[in-house]
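One structure is given below, encoded as structure tokens.
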Amino acid sequence: MTKSTSAYVHIPFCEHICYYCDFNKVFLEEQPVDEYIEALLKEARLSLIQNPVNKMETLYVGGGTPTSLNAEQLDRLLSGLREILPYNKGEFTVEANPGDLSADKLDVMKNYGVNRLSMGVQTFDDRLLKKIGRKHTAQDVYDTIRLLEEKNFSNVTIDLIYALPGQSLESFRDTVERALALDLPHYALYSLILENQTMFMNWVRRGKMQLPEQELEAQMYAETIEAMEKAGRKQYEISNFAKPGFESQHNLVYWNNQNYFGLGAGASGYLGDRRYKNRGPIQHYLKSLNDDQLPILEEEYLTQKEQIEEEMFLGLRKILGVEKSVFEARFGQTIMEIYGDAVEKLKRQKLLVETDSRVFLTKEGLFRGNDVFEKFLLNKDN
């Protein structure tokens, strides 16, 4: 195990379920929230006994909706995490929904060193918000931002989704404009992905819903890049834009293929060469921990070949791409020794650039990421 790592902490409770979401989540009402928090802290203790680390660089509490916890529950969770995990300073993020934040919850977060908030806004179009199953309105976003300013929370990021059902280019442009007018240091914009076992997927299969054409989706992405650049938010990953110095350090752990604990029901972790996933249903998760067992549902040990593939898939999501020296130090071979043919072919197709120090996607490569990534599957005939 490495001396330094990170932790993702999953809070599966939501006050409503969005139509597009396939994350592990349950309605908050009548759930054993307090018992869950204690079990999660127990998992953190057991995990560190089995995988001791000296230091944690980043903590990320996501969901679900962490801010659906009340202030007392949030206090118990954050105080426990700070007591158990070897996190001293770095980036400490909590996900929030507009309208869920209150002054007392923000005071609790400040007290335990939370220094970054990630807010799921999705769109500023109230009609669309209703259509995708969100319970907040655009006004809730403004009210929450005002509260954050009052509490001196400046490191705030918002997530937006584009290519939503029925979303016009005009509506999308208005959302980007209104988001940038908030002058936040970080923005993440994702195109809608239809996931199995979501209401959206069911509706599309039954012909009850249509998504925008691919050309419109590509145009929305192109306009996003342009608007963000113009506003001084530098693209540092396919879907992420930040003022210099405000890049998400926790997400960079994922893209740099580094280690992290996954704590909570349905959470995934990556330690050494082992990827694992926890049990999702809350009662199954609680039962494991009541029996003093880690709640692991499945785990796999990655071969070097699989680690190499992941290094390329994940690293190429970053605008800077994959550093040759880091790759060679990690795997004892150069990128060109392993992938020379694929790199040359992608360079000819103007999808990839190779310099002395790194390989990275071209502008066109950003739009065709999946076509590029599959060329780095070592068993494929590329």
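Please identify the pairs in which a residue from the stretch 224-240 that is at negative phi has its Cβ atom under 7 Å from the Cβ atom of a residue that is part of a loop (DSSP other than H, G, I, E, B) and surrounded by fewer than 17 Cβ atoms within 10 Å (Cβ to Cβ), counting only partners at least 6 apart or on another chain.
Close Cβ pairs (under 7 Å, with a partner that is part of a loop (DSSP other than H, G, I, E, B) and surrounded by fewer than 17 Cβ atoms within 10 Å (Cβ to Cβ)) amount to ARG233/LYS243; LYS234/PRO244; GLN235/ILE319; TYR236/ILE319; GLU237/ILE319.
Looking at ASP273, ASP341, ASP292 in this structure, which one is of a type in the set (Asp, Glu), at positive phi and outside the structural domain of VAL9 (by TED's automatic domain parsing)?
The match here is ASP292.
Residue check: is LEU320 in a loop (DSSP other than H, G, I, E, B), modelled with pLDDT under 95 and farther than 30 Å from GLN31 by Cα?
So LEU320 does not fit the description; no.
Please go through the stretch 36-61 and give me each residue that is crowded, with 19+ Cβ neighbours inside 10 Å and out of contact with any helix residue (DSSP H, G or I) (no Cβ under 8 Å at 6 or more places or on another chain), ordered by number.
SER47, VAL53, MET56
Residue-wise test of (1) in a helix (DSSP H, G or I); (2) over 16 Å from LEU41 (Cα atoms).
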position	(1), (2)
GLY266	no, no
LYS277	no, yes
TYR285	yes, no
LEU289	yes, no
GLU299	no, yes
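Okay, residues lined up against (1) out of contact with any Lys or Arg (no Cβ under 8 Å at 6 or more places or on another chain); (2) at pLDDT 95 or above; (3) surrounded by fewer than 19 Cβ atoms within 10 Å (Cβ to Cβ); (4) within 30 Å of ASN88 (Cβ to Cβ):
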| site | (1), (2), (3), (4) |
| --- | --- |
| SER102 | yes, no, yes, yes |
| LEU117 | yes, yes, no, yes |
| GLN122 | no, no, no, no |
| HIS136 | yes, no, no, no |
| GLN139 | yes, yes, yes, no |
| ILE158 | yes, yes, no, yes |
| ILE161 | yes, no, no, no |
| ALA181 | yes, yes, yes, no |
| LEU189 | yes, yes, no, no |
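Determine the pairs where a residue that is free of Cβ contacts under 8 Å to residues at least 24 places away in the same chain and under 16 Å from LEU69 (Cα atoms), located within the stretch 87-103, has a partner that is surrounded by 23 or more Cβ atoms within 10 Å (Cβ to Cβ) and of a type in the set (S, T, N, Q) with Cβ atoms under 9 Å apart, the partner being 6 or more residues away or on another chain.
Cβ pairs passing all conditions: none.
Give all pairs with beta carbons closer than 9 Å in which a residue from the stretch 300-323 that is over 23 Å from TYR276 (Cα atoms) meets a residue that is part of a loop (DSSP other than H, G, I, E, B) and of a type in the set (Gly, Ala, Ser); count only pairs at least 6 apart in sequence or on separate chains.
Listed pairs, sorted by first residue: GLU323/SER357.
Would you pick out the residues in the stretch 159-188 that are on the phi > 0 side of the Ramachandran plot and not acidic (Asp, Glu)?
ALA163, GLY166
The values are calculated or read from the model by the stated rules, or taken from the named source; none is laboratory data. Model, not experiment: these values are computed from the prediction. As a convention, Cβ positions derive from the backbone with ideal geometry for all residues, glycine included, and neighbour counts pool all protein chains shown.
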